[in-house]
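Enquirer: Quick one: structure below, then a few questions.
Bear in mind that the values in this text are calculations on the coordinates, not laboratory data. Predicted model, so just to flag it, every value in this text is computed and none were measured. Cβ: placed from backbone, ideal geometry, glycine included. Neighbour counts: every protein chain shown.
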Amino acid sequence: MISPGRLARLYQEACELDLQAFKPGNVSIYADGHGMTIADFRLSAKVSAPPLCNPKYSLGEKIFYAVQATRAAVGCNTNLGIILLAAPLVAACENPSSGLGLRHAVQRVLATTTVADADWAFRAIALASPGGLGEAPQQDVHAKATITLTEAMRLAADRDRVALQYLTGYRDIFDFAVSTYYNVRNLWASKSWSAVAVFVDLLAKYPDSHIERKYGDRFSAEVAAKMAFLKGQMAGTRSPQTLLPLLYDLDREFKSKGINPGTTADLTVAALLAAFLQDSWG
């Protein structure tokens, strides 16, 4: 078991490291964007950590009260996806079974979600009011849930990569993103540049749900191609600082077109948190 205080610190560290990483199209220490600032994201991480890591809360309560605290502090949706992904990771660490690794502990959490968890999460999503949220023909978040949270995520999995993680046991995180983080951290001895590599690898491989909710597949191929090129440039340098001019150019281009790879940023935070929790698993 990892203590609530340590869980909160690791969660905030993952959120902060994500801000230290220059992820084109996202808010970071290098550039604000989309009407949000780095201060908004730092405050969001700070206020959401206590409810998210409160061991007395159920999974659904963690999600709702973390979103509620964020909404009260910054008045906008900065971290709904982060919270939805972080909550099962945190819950897995609060009461681990002997012999289970983190990944299997997360899978156990996802296999035992409840209708109450779904109802709390629906309330959280409605409160956060993410971009592109409309009415759904089944299990609309503005109504009472009648199925478990994992079953509800199944209904959204074909259009939301955050929801997809609930069905696959965080396959994108554990099979792909965490390995990228460790490999690049060992190569460059830099956590922040490792976070950039996670983001770039994910966005080169998978379309971003947030972008596609807003634009359909209009930018999907273009974004994937630019990230594949950036990935190649990263692989060919021993000094990632030399990539800053390219990153600034991509960031300006994405933001000028309203492209915000927000889901990929959420997955990046989840990958960082998963790596930190694995290192603390013992």
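Enquirer: How would VAL47, VAL115, VAL27 line up from fewest to most surrounding beta-carbon atoms within 10 angstrom?
Expert: Result, fewest neighbours first: VAL115, VAL47, VAL27.
Enquirer: Where the only charges are on Cβ atoms (+1 Lys, Arg; -1 Asp, Glu), what is the dipole of the chain about its Cα centre, to the nearest 20 debye?
Expert: 360 debye
Enquirer: Here is a follow-up. Count charges around ARG6 for me, please; just the other residues with Cβ under 14 Å from its Cβ, Lys/Arg as +1, Asp/Glu as -1.
Expert: Residues near ARG6 contribute -2 overall.
Enquirer: Let me ask you something else. Give the aspartates and glutamates reachable from LYS144 as a straight Cα distance under 20 Å; neighbours fewer than 8 places away on the same chain don't count.
Expert: Partners found: GLU61, ASP117, ASP119, GLU135.
Enquirer: A further question on this structure: Which net charge results when you count Lys and Arg as +1 and Asp and Glu as -1 among the other residues whose beta-carbon is under 13 Å from that of ARG71?
Expert: Residues near ARG71 contribute 0 overall.
Enquirer: List the lysines whose Cα lies under 24 Å from the Cα of LYS214, skipping any in the same chain that are fewer than 8 positions away.
Expert: Once the sequence-local lysines are set aside, what remains near LYS214 is LYS23, LYS205, LYS226, LYS255, LYS257.
Enquirer: Then there is this: Which entry in (i) 53, 41, 40; (ii) 49, 44, 32; (iii) 60, 39, 34 is this structure's computed Cα extents along the principal axes in Å?
Expert: Looking at Cα extents along the principal axes in Å for this model, the match is (ii).
Enquirer: Still on this structure, I have one more. Given just the C-alpha atoms of the stretch 158-201, how large is their convex hull per residue in cubic angstrom?
Expert: 67 Å³
Enquirer: Based only on other Cβ atoms within 10 Å, what is the fewest-to-most ordering of THR180, THR237, THR268, THR263?
Expert: In order of increasing Cβ crowding within 10 Å: THR237, THR180, THR263, THR268.
Enquirer: Determine, for LEU100, LEU89, the number of other Cβ atoms within 10 Å of each Cβ, and report the residues in order from fewest to most.
Expert: LEU100, LEU89
Enquirer: Using only alpha carbon pairs under 8 Å that are at least six residues apart, calculate the relative contact order of the chain and give it in whole percent.
Expert: Relative contact order for the chain comes out at 24 percent.
Enquirer: A further question follows. Any idea what angle helix 102-111 forms with the longest principal axis of the chain, computed on alpha-carbon atoms, 0 to 90 degrees, nearest 10?
Expert: 50 degrees
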